[in-house]
1. Tally the residues that are surrounded by fewer than 14 Cβ atoms within 10 Å (Cβ to Cβ) and either in a loop (DSSP other than H, G, I, E, B) or over 23 Å from the mean Cα position of the chain (by Cα) (or both), restricting the search to the range 96-106.
2. On the basis of being modelled with pLDDT of 90 or more, under 20 Å from residue 127 (Cβ atoms) and either in a helix (DSSP H, G or I) or in contact with a helix residue (DSSP H, G or I) (Cβ under 8 Å, 6 or more places away or on another chain) (or both), does residue 17 make the cut?
3. Quick one: which of 41, 4, 36 is part of a helix (DSSP H, G or I), closer than 17 Å to residue 72 by Cα and at pLDDT 95 or above?
4. Give the residues of the range 1-20 that are under 13 Å from residue 41 (Cα atoms) and either buried (at least 19 other Cβ atoms within 10 Å of the Cβ) or in contact with a strand residue (DSSP E or B) (Cβ under 6 Å, 6 or more places away or on another chain) (or both), sorted by residue number.
5. Quick one: in the range 65-95, which of the residues that are surrounded by fewer than 13 Cβ atoms within 10 Å (Cβ to Cβ) and at pLDDT below 95 is nearest to the chain's Cα centre (by Cα)?
């Protein structure tokens, strides 16, 4: 889902400049790779923040993804690492949409227990590093510096 939405959007936005400027295939592919990896990192942090961020920082309510039944990486990690009872909880809430009082708190507890948020952030850092690496062929410039700063912003939002 992330690749088809956020990564595709970021990728297209990052490759359009070099295409319009008539740059070579290698530079266009580097910018596409930068955008795709930045998009994945950005979305993974967004997914983690939905369970571990603050409403003021997010601009939305914590737990919106949970209430909407979205299957994000923190959920997948918690499900895979969980006991049968943990998995039953995820099936009841996210598959069947049966929510009860305290279910968001239970979800947060399970994610903490299984290090799902920390591991999602770590995976986002990995994609951020790949985005930075994609820009290595470009010489130092204010534009390159700004693109590298965008990666840092996307990943550091988790803190």
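The values are calculated or read from the model by the stated rules, or taken from the named source; none is laboratory data. The structure displayed is predicted, hence computed values, not measured ones. Backbone-built Cβ (ideal geometry, glycine too); neighbour counts: all protein chains shown.
1. Residues that pass the stated criteria total 6.
2. Judged against the criteria, residue 17 is not a match.
3. Criteria check complete, one pass: 41.
4. Hits for the range 1-20 are 2, 6, 7, 10, 11.
5. The qualifying residue nearest to the chain's Cα centre (by Cα) is 68.
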